[in-house]
Amino acid sequence: MKKHQFRPESLMMSYGYKPEWSEGAIKCPIFQTSTFVFQSAEEGKAFFELAYGLREQGEKEKPGLIYSRLNNPDLEILENRLSLWDGAEDCAVFESGMSAITTAMLEFLQPGDLLVYSNPVYGGTSHFIQHFLPKYGIHVLAFAPGTSKDQLIRMIEESGQADRLAMVYLETPANPT
């Protein structure tokens, strides 16, 4: 029998979901809950330890559902499908753009680092970059539209932080434009 190679857009229709997980529903139901039941207090403790990185996952152990802020079946299925679509190793979805931006910056920036960013940016992003990051010792440097590569390199060198450049953040299209 010939094995078919399905394209990502076909695979995404059912990828990451099994009907037996939800009372046999053909399509994934929408989980409108914040919390999930544990079979025991020990199981709950084990799930939280994994979620908060307090220990390594065992070979045959599977992480469980805890709280929708940490994991949710709908979001996990969406992340799996987006990973499939993009051919990516993994994916993370967020409830807002600012959540995604903040998470990425806080993950990759440390005190003393330099963030170079395009200006203008969305107002919430601008406030976070200009007011929040410096409180944590992160240096920021904005560049305007039309700045050439050579001008940008010179700006970074003149900042005295070139050796600490950790991230370049661009918004396209910029908001406001």
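Just so you know, all these numbers are worked out from the coordinates, no wet-lab data involved. All of these numbers come straight from a predicted model, not from anything done at the bench. As a convention, Cβ positions derive from the backbone with ideal geometry for all residues, glycine included, and neighbour counts pool all protein chains shown.
Taking the number of other C-beta atoms within 10 Å as the exposure measure, put VAL140, VAL168 in order starting with the fewest.
VAL168, VAL140
Using the Cβ atoms and a cut-off under 15 Å, what net charge is assigned to the surroundings of HIS127, where Lys and Arg are +1 and Asp and Glu are -1?
Here the charged neighbours net out to 0.
When only Cα pairs under 8 Å and 6 or more residues apart are kept, what is the percent relative contact order across the chain?
Worked out over the chain, it gives 18 percent.
If you bin the C-alpha pair distances of region 26-95 every 5 Å from 0, what whole percents do you get?
For region 26-95, the binned pair fractions read 3, 14, 21, 22, 22, 13, 4, 1 percent.
Can you give the three extents of the C-alpha atoms in region 61-177 along their principal axes, from longest to shortest, in whole Å?
Principal-axis extents of region 61-177 (Cα, largest first): 51, 29, 26 Å.
Divide by every residue of the chain the summed helix terms, -39500 (n - 2.57) for each DSSP H run of at least 4, and state the resulting mean residue ellipticity at 222 nm, rounded to the nearest 500 deg cm²/dmol.
Here the helix-only value at 222 nm equals -9000 deg cm²/dmol.
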